[in-house]
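Since the structure comes first, as structure tokens, the remarks are kept for the end.
The values are calculated or read from the model by the stated rules, or taken from the named source; none is laboratory data. Owing to the predicted nature of the structure, the values given are computational and were not obtained by experimental measurement. Methodologically, a virtual Cβ is constructed for each residue, glycine included, from the backbone with ideal geometry; neighbour enumeration extends over all protein chains shown.
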Amino acid sequence: MHNIEAYTIREGLGQLSSLSAKRDWMDNTYDAHAYKCFPVSLTNQLGWGISFPEDISFIWDGISDSTPEHVKVLSGEKYAYAGRANGTISFNTGLMFKTDENLSLISMPVPNLFIDGATPFTTLISTSFFRGELPAAWMITKANEVITIKAGTPIIAIMTIDLNSINNSEITFKPISSLPQPSFDPNEYSNVIYELNRTATWSNFYRDAVDHLKRKIGSHQIKAIRLKVNNDIMEQGDNK
């Protein structure tokens, strides 16, 4: 578990909340079938989201240069800034974060939230010493079309990461014959999966870490990501 300190340095801007497993496009799949995909549903919860209380709309004329005239914020000017130029738009999060020295903060696109016409930058911030407002920006990819971010839609996800724990990691290629063989017949397993897919039936084998005979073959680290925003201090201050 990582403890992160959050500070509001400009009031009335970014709102912080843990990410939901729900996505509109998943709701719209037949019988909400997409939620049966355990890897997607789990990943949806990876991080906290920063959103704004009002809609933000903007448009880009397709010209990418160092001048700021080509991106116009049409609504939500309080929350967005077009002066970055180069076909980008930045956001006024109003939030600052502090972590221990062995942790950094990664700012990234919200997992499995698809934005037509723009995409967030992914950045790493050394929040053990950085004392500024968390930057957030998008690259606009569709010209001459109004792009609207609905109120409450997270513009980025943030998550702590220990860069030392992954630095100098290696991937080693090995012959497939060196991999321990499963305790079940792979062909039989594949046939069962094929028949289930033909009938649009979800097996849940991977979610439950079992084989086609429901025998345990492993375990997930966790099956749900639970992150919190602790507002106790803010609430106590408001009551003074």
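For this structure, a couple of remarks:
- Residue match in the range 165-180 (condition: of a type in the set (A, V, I, L, M, F, W, C), surrounded by 12 or more Cβ atoms within 10 Å (Cβ to Cβ) and either outside the structural domain of T93 (by TED's automatic domain parsing) or in a loop (DSSP other than H, G, I, E, B) (or both)): no
- Restricting the range 181-220 to residues that are touching a Pro at 6+ places or on another chain (Cβ under 8 Å) and in a loop (DSSP other than H, G, I, E, B), the residue that is nearest to D31 (Cα to Cα) is D211.
- Applying the set (1) in contact with a Pro (Cβ under 9 Å, 6 or more places away or on another chain); (2) assigned to a loop (DSSP other than H, G, I, E, B); (3) among the small types (G, A, S) to S64 leaves exactly one unmet item: (1).
- For T119, the criteria (1) without any contact (Cβ under 8 Å) to a residue 24 or more places away in the chain; (2) buried (at least 18 other Cβ atoms within 10 Å of the Cβ); (3) in a strand (DSSP E or B) hold in every case but one, which is (2).
- When the range 122-150 is filtered for residues that are surrounded by 13 or more Cβ atoms within 10 Å (Cβ to Cβ) and among the aliphatic types (A, V, I, L, M), the ones remaining, listed by number, are I125, L134, A136, A137, M139, I140, A143, V146, I147, I149.
- Residue within the range 115-123 that is of a type outside the set (D, E) and modelled with pLDDT under 95 present: yes
- Filtered residues of the range 170-208 (kept if within 16 Å of G218 (Cα to Cα) and touching a residue at least 60 places away in the same chain (Cβ under 8 Å)): N204, Y206, R207
- Any hit, the range 76-83, residues being part of a loop (DSSP other than H, G, I, E, B), modelled with pLDDT under 95 and crowded, with 17+ Cβ neighbours inside 10 Å: yes
- Pairs linking a residue in the range 126-142 that is acidic (D, E) to a residue that is surrounded by fewer than 17 Cβ atoms within 10 Å (Cβ to Cβ) and assigned to a loop (DSSP other than H, G, I, E, B), with Cβ atoms under 9 Å and 6 or more positions apart or on different chains, are E133/I9; E133/R10.
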